[in-house]
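Reading through the structure tokens given below for one structure.
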Amino acid sequence: MDVQDIKFKTYFFVINLIGILIFLFAFVKINWDMWYFYFFWVLLFTFIEMKPISLNIKGKYSLSFPLSLAVLLIYGTWFCVIVSGLAIVIADAIAKRGWQKILFNCSQFSISILIAGTVYSKLSPPTNELFAINEHIIPFVAAAVTDIVVNFLLVEIIISLSNRIPLYSVIKMDWEMEALFLFSLAPVGLLMVILYTSEPWSTVLIVPLLLLAHNGFENYLRLRKQARTTIELLADVVDRRDPYTASHSSRVADYAVKIGNEMGLPYEQVEDLGMAGRVHDLGKIAITNDILQKPGRLSDAELRLMKTHPETGYKILYPLDIYKDLLSYVLCHHERMDGRGYPRGLTDHLIPLGARILAVADSFDAMTSDRPYRNAMSGEEAISELVNNSGKQFDPEVVDAFLKVWEKEKQTRGEENK
Ligand SMILES: [Fe+2]
């Protein structure tokens, strides 16, 4: 067990211990005469919790946030801890999420609700009214922001520790999407409280609105995923048109991700490298088979046509929002440090880092694959080609990182063969 494992286990234990204590304390504090209220809210919460949305690759998020804000303001902190805790346990158990996830989810919710509830009660004016909008709006906003930030941080820390990714990278990647998601839902919680103050039963009218929001988010995410899958399938078709380059893009993506990780790049940039690797040669879709599959060397005219593929790929990907951060990687993956590359003849650090990484990954895979006019080089031969061209064709820092990746792979293969 290394230091990172110890950190992860300690964090997991401490958060769960605090969460369980809060939950048990809430059991003692609340008035159980109102059990039918609990039953109703737990049922509603569970229903919403069972419809999570996958915002990113790592987690699912439910629309229960405005519900928990409303319950917090109407019934108080302890009621909210019990209702949301029970709903999470039931929904996660039905989804067969495993006891560790259930325990952590329940604990981090209890902690964030307790802190948000404390902020709300400290800032609220002493008034008999449940919710006077002018007097309670600032405490409400403060409680909502506290709940979002605490919840977000507790989850991001465990993701960072379990995946061994720096915390700032995880936060940077998730913050934009989650903030948009949760802050857009906070006013729904406010609306539920306002409805409750006029007629308690009318709060349920919000449920169809939540389901509508759920469908909207899901459709948006599904479209993003479908766009990516379609583009990657097209890239695979390009790979398969040339029997010598089958699975080339997947291997380039794999090498690029490993180099990015070795260089300690932020998580989201490594993600972009993986996506860019998969589609870097997409522009070859516009190259005819007689050129793409030509068994000999290309003529000057054919070479000129072949060299249009980075720009064609760029143009295909340009309208798609999900590729906007990696367009320049695709466009510049054949640029060289000495300026003798294409399409623009850029030099040194004018070439985006992602493109310099793709160039090394792409060249290594091309050299170690069979071609119609030559047999594949061995890994060691290809490595010495990279080293010989370091500073001329390739970025020396990227080559160094790739050498370390290669050494690690060799060690792993050696251990597997033992
Ligand atoms: Fe290419």
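Would you say L221 is more than 19 Å from P52 (Cα to Cα) and either in a helix (DSSP H, G or I) or outside the structural domain of T368 (by TED's automatic domain parsing) (or both)?
Details: more than 19 Å from P52 (Cα to Cα): no; either in a helix (DSSP H, G or I) or outside the structural domain of T368 (by TED's automatic domain parsing) (or both): yes.
No: the conditions fail for L221.
Tell me, which residue of the range 17-37 that is of a type in the set (V, I, T) and part of a helix (DSSP H, G or I) is surrounded by the most Cβ atoms within 10 Å (Cβ to Cβ)? If you could, list the steps in order and put the result at the bottom.
Our first condition is that a residue be of a type in the set (V, I, T); within the range 17-37, this holds for 18, 20, 22, 28, 30.
From what is left, the residues that are part of a helix (DSSP H, G or I) are 18, 20, 22, 28.
Values: I18: 15, I20: 15, I22: 22, V28: 7.
Applying the filter and picking the extreme gives I22.
Looking at V14, V81, V3, which is the one that is loosely packed, with under 13 Cβ neighbours inside 10 Å and at pLDDT 90 or above? Don't jump to the end; show me each part of the working.
Details: V81 fails: loosely packed, with under 13 Cβ neighbours inside 10 Å; V3 fails: at pLDDT 90 or above.
Residue meeting the stated conditions: V14.
Take D365 and tell me if it is in the same structural domain as E271 (by TED's automatic domain parsing), among the acidic types (D, E) and in a loop (DSSP other than H, G, I, E, B). Spell out how you get there, then give the answer.
On the way: in the same structural domain as E271 (by TED's automatic domain parsing): yes; among the acidic types (D, E): yes; in a loop (DSSP other than H, G, I, E, B): no.
Spelling it out, it is not the case that D365 is in the same structural domain as E271 (by TED's automatic domain parsing), among the acidic types (D, E) and in a loop (DSSP other than H, G, I, E, B).
Taking the condition within 15 Å of the ligand (Cβ to nearest atom), under 23 Å from E407 (Cβ atoms), crowded, with 16+ Cβ neighbours inside 10 Å and among the basic types (K, R), does R336 pass? Even if it seems obvious, please write down each step before you answer.
Values: within 15 Å of the ligand (Cβ to nearest atom): yes; under 23 Å from E407 (Cβ atoms): no; crowded, with 16+ Cβ neighbours inside 10 Å: yes; among the basic types (K, R): yes.
No.
Condition first: closer than 14 Å to S62 by Cβ and either under 22 Å from the mean Cα position of the chain (by Cα) or in the same structural domain as K29 (by TED's automatic domain parsing) (or both). Can you find one or more residues in the range 120-134 that meet it? Can you show your working first?
Going through the range 120-134, the residues closer than 14 Å to S62 by Cβ turn out to be none.
No, every residue in the range 120-134 fails to be closer than 14 Å to S62 by Cβ and either under 22 Å from the mean Cα position of the chain (by Cα) or in the same structural domain as K29 (by TED's automatic domain parsing) (or both).
List pairs: first residue in the range 280-303 and basic (K, R), second residue within 16 Å of the ligand (Cβ to nearest atom) anywhere in the structure, Cβ distance under 6 angstrom, at least six positions apart or on different chains.
Matching pairs, first to second residue: K284/V238; K284/H309.
Could you say whether any residue in the range 165-182 is assigned by TED's automatic domain parsing to the domain that holds F27, among the basic types (K, R), surrounded by fewer than 19 Cβ atoms within 10 Å (Cβ to Cβ) and outside any loop (DSSP other than H, G, I, E, B)?
Initially, the range 165-182 is screened for residues assigned by TED's automatic domain parsing to the domain that holds F27, giving 165-182.
Subsequent filtering for residues that are among the basic types (K, R) retains 172.
With surrounded by fewer than 19 Cβ atoms within 10 Å (Cβ to Cβ) added as a condition, the list becomes 172.
From the residues that got through so far, the ones that are outside any loop (DSSP other than H, G, I, E, B) too are 172.
Yes, because at least one residue in the range 165-182 is assigned by TED's automatic domain parsing to the domain that holds F27, among the basic types (K, R), surrounded by fewer than 19 Cβ atoms within 10 Å (Cβ to Cβ) and outside any loop (DSSP other than H, G, I, E, B).
What is the residue count in the range 312-328 for residues that are more than 11 Å from the ligand (Cβ to nearest atom), of a type outside the set (A, V, I, L, M, F, W, C), closer than 18 Å to L358 by Cα and assigned to a helix (DSSP H, G or I)? Spell out the reasoning first.
Step one: list which residues in the range 312-328 are more than 11 Å from the ligand (Cβ to nearest atom), which gives 314-328.
With the extra rule that they be of a type outside the set (A, V, I, L, M, F, W, C), the set shrinks to 314-315, 318-319, 321, 323-325, 328.
Next, from what is left, pick out any that are closer than 18 Å to L358 by Cα: 314, 323-325, 328.
Subset that is assigned to a helix (DSSP H, G or I): 314, 323, 328.
Residues that pass the stated criteria total 3.
Please find, among I138, I158, the residue that is at pLDDT below 90, within 30 Å of the chain's Cα centre (by Cα) and either surrounded by 18 or more Cβ atoms within 10 Å (Cβ to Cβ) or assigned to a helix (DSSP H, G or I) (or both).
Values: I138 fails: within 30 Å of the chain's Cα centre (by Cα).
It is I158.
If I ask for residues that are within 13 Å of the ligand (Cβ to nearest atom), assigned to a helix (DSSP H, G or I) and not hydrophobic (A, V, I, L, M, F, W, C), which ones from the range 285-311 would you list?
H309, P310, E311
Count, please, the residues in the range 346-367 that happen to be surrounded by fewer than 18 Cβ atoms within 10 Å (Cβ to Cβ) and either within 16 Å of the ligand (Cβ to nearest atom) or under 15 Å from H280 (Cα atoms) (or both).
So in the range 346-367, the residues surrounded by fewer than 18 Cβ atoms within 10 Å (Cβ to Cβ) come out as 347-350, 366.
Adding the requirement that they be either within 16 Å of the ligand (Cβ to nearest atom) or under 15 Å from H280 (Cα atoms) (or both) leaves 366.
Number satisfying all stated conditions: 1.
Taking L72, is it assigned to a helix (DSSP H, G or I) and either within 30 Å of E135 (Cβ to Cβ) or not β-branched (V, I, T) (or both)?
Details: assigned to a helix (DSSP H, G or I): yes; either within 30 Å of E135 (Cβ to Cβ) or not β-branched (V, I, T) (or both): yes.
Criteria met by L72.
Given the options G260, G277, name the one that is more than 16 Å from the ligand (Cβ to nearest atom), under 22 Å from L320 (Cβ atoms) and crowded, with 19+ Cβ neighbours inside 10 Å.
Values: G277 fails: more than 16 Å from the ligand (Cβ to nearest atom).
Answer to the check: G260.
The rows are residues; the columns are (1) touching a residue at least 40 places away in the same chain (Cβ under 8 Å); (2) farther than 30 Å from E199 by Cβ.
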{"residue": "I48", "(1), (2)": "yes, no"}
{"residue": "S62", "(1), (2)": "no, no"}
{"residue": "F65", "(1), (2)": "yes, no"}
{"residue": "L69", "(1), (2)": "yes, no"}
{"residue": "V81", "(1), (2)": "yes, no"}
{"residue": "G98", "(1), (2)": "no, yes"}
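The values are calculated or read from the model by the stated rules, or taken from the named source; none is laboratory data. Please read these numbers as outputs of a predicted model, since none were measured by experiment. Here Cβ is always computed from backbone atoms with ideal geometry, including for glycine, and neighbour counts include all displayed protein chains.
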